[in-house]
Each structure stands twice: as structure tokens, then as C-alpha cells.
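*Asks:* Got a structure for you, written out below as C-alpha cells; questions coming shortly.
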Amino acid sequence: FLKEYKKVIRYRREKTLSLLQGSGVFEVFPPDGGFYLVLKPKLSRNKTSDEEVLRILKEKNVLLHPGSFYDFKTDDFLVISFLQEEETLTEGLTRLISFYS
């Protein structure tokens, strides 16, 4: 089980990194461990991360964590998990990228 689980998680991590880094709309900070990626949109929308994640949820139906949950020094970071099933993950990332494109 563990060997297969690690393989799946590694694949989802790499897919997430590839899609987000390839989009050109985020600065992406890969995880050192865990199941979350930290993102910083390159285009500032002059909103707090709390306001931004609510807007993304309402407009794109994608759930993120605001950077404020993680005590970042500035308020322009977003945090996303890559544990979802592949289809859900791909669709959510596509919607997130379109929000900033």
C-alpha cells in the first residue's frame, strides 16, 4: 500500500507543479514535505489572501487556503493541496489558472 501511495502522491505533486509553473501566472514554492504547495500570483489584485480565496471559490468553485492561515509575512500567498483525485485536481488547477489569466 505505502509504495503505491507514495507513487500516486509523487505523481500528483509533479503534475501540480508542472501545470502551475507552466502557466506563467504564479511563483510556485514546491513543498519540502507534506501535501501542499505555496503559490504567489504574479498579478496582484490588491486583495488580501482571505478575500482572494473567497473570490476564487465563488467564481471558479476552487477551494484554497489563504496564506494568512500559515502566518506568511505578506498577504499575497495562496496554499493548495494536491491530494485530490487526478481528474478533480486537473480541473481545479485549470480553473485556478484561468482565474489569473
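The values are calculated or read from the model by the stated rules, or taken from the named source; none is laboratory data. Values in this document were obtained by computation on a predicted structure and should not be read as measured data. Virtual Cβ from ideal backbone geometry, glycine too; neighbours counted across all protein chains shown. Quick note on the areas: whole protein, heavy atoms, side chains included, nothing else; ligands and nucleic acids left out. Shrake-Rupley method; radii C 1.70, N 1.55, O 1.52, S 1.80 Å.
*Asks:* Shape call for the stretch 1-55 from the C-alpha gyration tensor, a ≥ b ≥ c root eigenvalues: rounded (a/c under 1.5), prolate (a/b greater than b/c) or oblate?
*Replies:* Prolate.
*Asks:* I would also like to ask the following. State whether the stretch 13-101 is rounded, prolate or oblate according to the following rule on the C-alpha gyration tensor (a ≥ b ≥ c being the square roots of its eigenvalues): a/c under 1.5 gives rounded; otherwise a/b larger than b/c gives prolate, and the remaining case gives oblate.
*Replies:* Rounded, since a/c falls under 1.5.
*Asks:* For Arg45 paired with Tyr70, estimate the spin-label separation in nm (one decimal), with each label point 7 Å from Cα along the Cα-to-Cβ line.
*Replies:* Those two pseudo-labels are separated by 1.8 nm.
*Asks:* Could you state the accessible area per residue of the stretch 16-101 in Å², with a 1.4 Å probe and every protein chain left in place?
*Replies:* That works out to 59 Å² per residue.
*Asks:* Show Arg12, Arg55 ordered by accessible area, largest first, where the area counts protein heavy atoms only and the probe is 1.4 Å. Before the final figure, lay out the partial values.
*Replies:* Details: Arg12 30, Arg55 75 Å².
Sorted by accessible area, descending: Arg55, Arg12.
*Asks:* Could you please state how large a percent of the accessible area of the stretch 1-69 is carbon and sulfur, counting protein chains only and using a 1.4 Å probe?
*Replies:* Answer for the stretch 1-69: carbon and sulfur cover 54 percent of the accessible area.
*Asks:* For each pair in Lys42/Lys73; Lys47/Lys73; Lys3/Lys42; Lys7/Lys47; Lys7/Lys42; Lys7/Lys40, compute the distance between the two Cα atoms and list the pairs where it is over 25 Å.
*Replies:* Over 25 Å apart, Cα to Cα: Lys3/Lys42; Lys7/Lys47; Lys7/Lys42; Lys7/Lys40.
*Asks:* Under a cut-off of 19 Å between alpha-carbon atoms, report the aspartates and glutamates in cross-link reach of Lys60, not counting same-chain residues fewer than 8 places apart.
*Replies:* Asp50, Glu51, Glu52, Asp76, Glu85, Glu86, Glu87, Glu91
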